[in-house]
């Protein structure tokens, strides 16, 4: 064998070509990019899940806070929102009822009623004791004239609190009107339509409870059968 002949072990390996190095780099970058995208997608998924749970929890907390304005928390030990059930009524349609229970016994109910005011629908949350006495009324949403008819908001006026303690038993049916119509409730100067709609909603709530007494006194499971 010639002294200048290289054995296989001594053969010089040619360095990778520019094309090979480029391909290797592209493959590496592609894998890296895919891994990064997967991590970002996973992070977004987890973030969205956490955000959704936080939003849901906050929404329920907000709804409970509003509910407690008409249903004092000392009256019940359940979660009226979790125990809610729907009652079909001939006049009001589908009404979602929030039952308040103490030691398993129904003590009150709350539900929403809507009527048309001057600027559009006025949505109310109304709570009634099992005996039919008004525990509280709050306006959830409206489009009434600011500074004139927005006195239906408890933050603007105590007018809405005039319903507290009233019932069909202690207030004759003919009195469930604004004073301009011959009833006992004050109207607002230059804005009669708005309080008239609120009085109508409260009366409808009381009458709904009478019509649906059997259903409202049932448990959530019984009401859904």
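Values quoted throughout were computed directly from the atomic coordinates according to the rules given, and no laboratory measurement underlies them. Bear in mind the structure is a predicted one, so any value in this text is a computation, not a measurement. Here the Cβ positions follow ideal geometry from the backbone for every residue, glycine too, while neighbour counts run over all protein chains shown.
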Quiz prompt | Fraction of alpha-carbon pairs over 19 Å apart in region 59-116 - percent | solution = 31 percent
Self-check item: Cβ-Cβ FRET estimate between residue 167 and residue 192, R0 fixed at 35 Å, reported to 0.05
Solution: 0.90
Quiz item: Measuring from label point to label point, each 7 Å out along Cα→Cβ, what is the residue 63 to residue 82 span in nm?
Solution: 1.3 nm
Practice problem: Treat the count of other C-beta atoms within 10 Å as a stand-in for reagent exposure and order 142, 124, 105 from fewest to most. | Solution: 105, 142, 124
Practice problem: Express the Stokes-Einstein translational diffusion coefficient of region 76-223 in µm² s⁻¹, to the nearest whole number, given a Kirkwood radius over alpha-carbon pairs, 20 °C and a viscosity of 1.002 mPa s. | Solution: 136 µm²/s
